[in-house]
Amino acid sequence: MDEIEKPRRARAPEWTPAENALLRKVWKRSAPLKTVTHLFPSRSENAIVMHGIRLGLPDRRRKMPGKRTAETIWPRIEAALRVRPASLDELAALARCSNGTVRRFIKAKRTEVHIAKYLRAIGTRNVTALWAWGAGEDAPRPPRMTEAEQRARYKRKLERERPEELDRQRARARVRAARRDGRLVRRDPMVVALFGNGGVAA
């Protein structure tokens, strides 16, 4: 059987000083190297990467993702904060990233932002910081609510938004108190509707 001699691949030309200088320049960019291969017509993307490593340039696989994130995510966060104060969750949604990423950027750029104010969720002890653009003094963090304050706040919310639920809770509380103390309470239409006539005097 006749053997077919495979054609040898032409060896790529040596890198010139001008190409080395150009590679060092584009290596610093955040864009993927495949977008600049046209600048090196006789080189493949893999050849460009390997030559960059031989030149002692930093490993783009470790350096570039973080840099690309900084160049895309932080400008979105900054733009959002320049419009109005926002919480970490709001910034994550606006910047299209995770809450943890926003936290890391806020920590790294702490001198460029400040806490404009705190909001407390109704009926809870939790407070949410609203971040604003620009250096400034942070708003004082409000003290933690006591359980009594938390109950009073929740009660005010029910009075505004669900008064019928507050009436039911009060009726149940009166029945429990009457049973606990061994006394009868004045007949309440709401109590009768909820629990019937048993144990309630007219």
Looking only at the stretch 113-125, decide whether some residue is at pLDDT below 85 and among the hydrophobic types (A, V, I, L, M, F, W, C).
-> yes
Does any residue of the stretch 128-138 turn out to be among the polar types (S, T, N, Q), assigned by TED's automatic domain parsing to the domain that holds A86 and either modelled with pLDDT of 80 or more or out of contact with any Lys or Arg (no Cβ under 7 Å at 6 or more places or on another chain) (or both)?
-> yes
Write out, first by first residue and then by second, each pair whose Cβ atoms fall under 6 Å of each other, whose residues are 6+ apart or on separate chains, and whose first residue, in the stretch 30-50, is at pLDDT below 80 while the second is among the basic types (K, R) and surrounded by 14 or more Cβ atoms within 10 Å (Cβ to Cβ).
-> S30/R68
Any residue in the stretch 150-172 that's over 19 Å from L119 (Cα atoms) and in the same structural domain as R120 (by TED's automatic domain parsing): show its pairings with residues that are modelled with pLDDT under 85 and loosely packed, with under 14 Cβ neighbours inside 10 Å at Cβ separation under 7 Å, as long as the two are six or more apart or on different chains.
-> none
Being in contact (Cβ under 8 Å) with a residue 40 or more places away in the chain, within 13 Å of the chain's Cα centre (by Cα) and not assigned by TED's automatic domain parsing to the domain that holds L158, is that true of even one residue in the stretch 99-107?
-> no
Quick check, is A80 closer than 30 Å to K28 by Cα and either of a type in the set (G, A, S) or assigned by TED's automatic domain parsing to the domain that holds L166 (or both)?
-> yes
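The values are calculated or read from the model by the stated rules, or taken from the named source; none is laboratory data. Remember, predicted model here, so these are calculated numbers, not experimental data. Using ideal geometry, Cβ is built from the backbone for each residue, glycine included, and neighbour counts are taken over all protein chains shown.
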